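The block underneath contains the structure these notes are about, expressed in C-alpha cells.
We did not get these values from a lab; they are worked out from the coordinates using the rules stated. Just so you know, these numbers come straight off a predicted model, no measurement behind them. Glycine also receives a Cβ, built like all others from the backbone with ideal geometry; neighbour counts cover every protein chain displayed.
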Amino acid sequence: MQKRTFLQTVATVGLLGASGLALAQDNVFKIGLILPMTGQQATTGRQVEAGVRLWMAQNGDTVAGKKVQLIVKDDGSVPANTRRLAQELVVNDKVNVLAGMGITPSALAVAPIATQSKTPLIVMAAATSSITEASPYIVRSSFTLPQVSVALADWAPKNGIKNVVTLVSDYGPGLDAEKFFKERFQFDGGKVSESLRVPLMNPDFAPFLQKVRDAKPDALFVFVPSGAGAALMKQFAERGMDKAGIRLIGTGDVTDDDLLNDMGDTALGVVTSHHYSVDHNSPANKKFLEAFMKANKNLRPNFMAVGGYDGTRLVYEALKKTAGKGGGDALMAAMKGQIFESPRGPVFIDAQTRDIVQNVYLRKVEKKNGQLYNVEFDVIKDVKDPGKAKQ
Ligand code: PHB
C-alpha cells in the first residue's frame, strides 16, 4: 500500500512537472531575428535590432498572456547562413515568427522555409520588390526600391536635370532602382546616357565615377545599400564630380541618417527620395527619436531602425488580435490590413501583396544646429509598390 502511494506520488509529480513544462513552453512566443551583426551590413543589423528592442521595451514582453522571447542570430549577410539559422530556429527553437533579413538574398533564401513551416517572416530591411512574392508567409515593414525611386524620377526633369547616368549595386534592389528610375525618367522626357552596376561586396567606386565624369551628365542617380553611402560620397568628392557640375541624386539609402553626419559637407544639397528621415516632423517621430537615442547611447536611428520597430509592432498587434491562440496562418491574417501611425508617417499593410503602403518624401541634405539632416520638402502620399502594380 505504502509503496503504491509512493509510486503514485512520483507519477503524479512527474506528470505535473511535464505539463508544467508544456505550459511554460505554450506561454512563450518566440521571435527569431536574423540580421547581419558583423560584416559590411553590420550597421543594418545594429539598427534593426535596436528598433525591435525599443518596441519591446516600450510595450512590454507579455502580450495576450504570452511571454515574448527574442532570439537574435548573426548571418553576416551570407544567405547560406541565413537559411541554416532560419532552419535551426524553426526546427530546434520552434520560433513562432522569423524576422530581420538585412539584404535581399537573405530574405529569398529563407522564403521556402517560411512557406514549408507556415512561419510568418517579417522582412524588416530588405527591399527588392519581388521578395513578398517569394512566399505567402512574408510580410514587409521596410519599403521597396520601385516605391521610392519613381518620385525622384518625376522630380528631376522639373529641376533642371535632363541627362542622367545611373549607378547601382548589382543585385535585386539596385536593379529595381535602376529600372524604375529609368523608365519613369524617360517617360518624363529625361535621358539616361549610361547605366553602371557595381558589385555589392567591397565595391571600388573609383573606375565607375571616372566614367561618370567623362560622360558629364547633369546628375548621377545612385542606389547603394545602407552602410555603403559614406564611401561613395567620399569618392564622389575626391573625384571632383560636384565641382565638374554633376549633381548627386538617389534613393535615401545613400544619405542614411546613421552615417550622414560622418559624410561631412560634401553631402550638402544632395536630393534623395525615401520613406523615413529623422527630421520627419511629427509627434510620433519626435517620441521615437528621443526614446531611441536615449536607449542607444545617442545613436541616430535610420530607416532600418524604423523597419524593425514597425515590424515588431505588426507581430505584437497580430498576437493581440489572435488572443495568443493562432498559428502562422492566423498571425498572417491578423497582420494583413494593419494601419497605423509610424515614425515615418501613416502606413498600412496591403492585404493583397503583404507589402507596406506609405508616404514617399523628397528630401535635401541641410545643416541645422551643426548637424546634417535629410530635410523633407515634398511628399507623395500612400505610395504602393509600383513593382506589384505592373504584374
Ligand atoms: C536589400 O538588400 O534589399 C537592401 C539592403 C539595404 C538597403 C536597401 C535594400 O538600404
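Structural remarks
- Segment 159-273 - Rg and Dmax from Cα coordinates, angstrom: 12.8, 36
- Gyration tensor (alpha-carbon) shape descriptor, segment 28-86, a/c threshold 1.5: oblate
- Dipole moment magnitude, nearest 20 debye, the chain about Cα centre, only Lys, Arg, Asp, Glu C-beta charged: 820 debye
- Longest to shortest principal axis, alpha-carbon extents of segment 205-299, angstrom: 47, 23, 21
- Here is the tail figure for segment 93-217: Cα pairs spaced more than 18 Å apart come to 59 percent of all pairs.
- Distance between the modelled labels on Asn298 and Phe348, one decimal in nanometres: 4.2 nm (7 Å Cα→Cβ projection).
- For the chain, with +1 on Lys and Arg beta carbons and -1 on Asp and Glu, the positive-most of Leu85, Asn281, Asn202 along the dipole: Leu85
- Lys/Arg +1, Asp/Glu -1 at C-beta; segment 209-265 dipole; positive extreme among Leu260, Ala215, Ala237: Ala215
- In this label model, Asp329 and Asn202 are separated by 4.9 nm, measuring between points 7 Å along each Cα→Cβ vector.
- Over 24 Å between alpha carbons, listed pairs Lys179/Lys211; Lys118/Lys384; Lys30/Lys388; Lys73/Lys364; Lys294/Lys364; Lys94/Lys294: Lys118/Lys384; Lys30/Lys388; Lys73/Lys364; Lys294/Lys364; Lys94/Lys294
- Comparing Asp378, Asp355, Asp256 in a Gaussian network model of the chain where C-alpha atoms under 10 Å apart are linked, the largest mean-square fluctuation is found at Asp378.
- Separation of the Ala215 and Gln87 label points, Cα + 7 Å toward Cβ, nm: 4.1 nm
- Computed over Cα pairs, the Kirkwood radius of the chain leads via Stokes-Einstein (1.002 mPa s, 20 °C) to a diffusion coefficient of 98 µm² per second.
- Across the options Met293, Phe303, Ile249, the greatest Cα extent toward the positive end of the charge dipole of segment 220-304 (unit charges at beta carbon of Lys, Arg, Asp, Glu) belongs to Met293.
- Nonlocal amide H pairs with Ser342, under 5 Å, H built at 1.01 Å: Val347
- Euclidean distance of C-alpha centroids, segment 68-144 and segment 349-391, integer Å: 24 Å
- Charged-residue dipole, Cβ positions (Lys, Arg, Asp, Glu), segment 82-187 about Cα centre, Debye nearest 20: 100 debye
- Our estimate of slack between Gln69 and Ala57, defined as 0.36 nm per intervening residue step minus the Cα-Cα distance, is 3.1 nm.
- Based on every Cα atom in segment 277-391, Rg and the maximum pairwise Cα distance Dmax equal 16.2, 51 Å.
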